[in-house]
Amino acid sequence: MNIRTLIFFLILIPIMLLGMILGLILNAIDGNGDRFHRIATLWGRFSAWVFGIEVTVEGEENYRPEGNYLVVSNHAGMADIPLLLGWMKLNLRFVAKEELGKIPVFGWALKSGGYVMIKRGQNREALKSLLEAAAVIKSGRSVHIFPEGTRSETGTLLPFKRGAFLVARKADAEILPVTIIGSHLITPKKSLTINKGKVRIIIGKPLRTSDFPDVESLMAATRRIIAANL
């Protein structure tokens, strides 16, 4: 455990808890989580500053900040979510594991803010979660999904699962492929260590679901773009 890890537990977590409480209040007032998202954006940028993470973004011209997309990216570190929240200029919600939604205050704020809690597997509850994600996109917001389903230990790209691409087709949404480089060195998997470093976020050109005959071809095209930038 290094000094940055201590800062996370002693400073960042209490700040995050206060932000979640404020988010619960704001979500109850506006009912859509938009102001909560602005808090999350500030938290993402503040976290990067505290930990000494230098972020560069490429390809911002490839999307419209006012647009609604299904954002798909690789997943290599715990820093991925705050960095995407801080630097993607979208009204963004994440699909998260069901277990996170059960955490008092934290999970309540996520669910009331429009984040989608998903149950893993191919059962009816998992399908219901995917339909909820599609509904969020149709409401005018963007949704992010990690199609690998878990973090990569080495930063290499893992196989994709179909769920994200089913959401895109159901919502008739463009897929925005995003590649994150270097985050596996910031927060290594199976370690509490937090390192400073540089992270690149590369945003590819959006893909229209109507240009692909099925989920498999859409998934393969998205993976090719992310892998090429990686």
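Less than 30 Å apart at the alpha-carbon level, and either on another chain or at least 8 residues along: which lysines does that give for K138?
Straight-line reach from K138, under 30 Å: K89, K97, K102, K111, K119, K128, K161, K170, K205.
Once the dipole of the stretch 3-229 is set up with Lys and Arg at +1 and Asp and Glu at -1 on Cβ about the Cα centre, which of A168, H144, I11 lies farthest towards its positive end?
I11
Would you mind ranking I81, I194 so that the residue whose beta carbon has the fewest other beta carbons within 10 Å leads the list?
Working: I81 19, I194 26.
Fewest-to-most Cβ neighbours within 10 Å comes out as I81, I194.
I'd like to compare 171-177, 205-211: which one has the highest average count of other Cβ atoms within 10 Å, and what's the full order after that? Mind showing how you got there, number by number?
Numbers: 171-177: 23.0, 205-211: 14.3.
Result, highest mean Cβ count within 10 Å first: 171-177, 205-211.
Which of the aspartates and glutamates could a cross-linker bridge to K189, judged by Cα under 12 Å and excluding same-chain residues fewer than eight apart?
E153
Among I25, P188, P82, pick out the residue whose Cα is farthest towards the positive end of the charge dipole of the stretch 3-229, where Lys and Arg carry +1 and Asp and Glu carry -1 on C-beta, about the Cα centre.
P188
Only Lys, Arg, Asp and Glu count, each charged at its Cβ (+1, +1, -1, -1), so figure out the dipole size of the chain about its Cα centre, rounded to 20 debye.
Details: 30 positive and 19 negative charges, 77 e Å.
About 380 debye.
Where the centroid of each part is defined by its Cα atoms, how far is the stretch 134-207 from the stretch 38-68 in Å?
The stretch 134-207 and the stretch 38-68 have Cα centres separated by 14 Å.
Can you pull the one-decimal nm distance between simple spin-label points at S210 and E61, each 7 Å off the Cα toward Cβ?
2.6 nm
By count of other Cβ within 10 Å, fewest leading, how are D30, D80 ordered? Show your work: numbers first, answer last.
Details: D30 12, D80 24.
Ordered by Cβ neighbours within 10 Å, fewest first: D30, D80.
Full-extension gain between F9 and E153, please, as 0.36 nm times their residue separation minus the C-alpha to C-alpha distance.
Numbers: separation 144, 0.36 × 144 = 51.84 nm, distance 2.26 nm.
Gain in length upon complete extension: 49.6 nm.
Pairs of alpha-carbon atoms within less than 8 angstrom and 6+ residues apart define the contacts here; what relative contact order does the chain have, in percent?
Contact order relative to length: 26 percent.
Kyte-Doolittle cut-off -1.0, length cut-off 15 Å along the helix's own axis using Cα: show which whole DSSP H helices in the chain pass. If you can, show how the numbers build up before the last one.
Working: long enough: 13-30 (25 Å, 2.09); 34-51 (26 Å, 0.03); 124-138 (21 Å, 0.48); 215-229 (22 Å, 0.57).
The qualifying helices are 13-30, 34-51, 124-138, 215-229.
Report, for the chain, the % of DSSP beta bridges that are antiparallel, rounded to 5. Write out the running numbers ahead of the final one.
Values: 5 of 25 bridges.
Roughly 20 percent of the DSSP beta bridges within the chain come out antiparallel.
Here, each number is a calculation from the coordinates, and none is a lab measurement. Keep in mind that this is a model prediction, so the values were computed, not measured. A quick note on method: Cβ atoms are made from the backbone with ideal geometry, for glycine too, and the neighbour counts reach across all protein chains shown.
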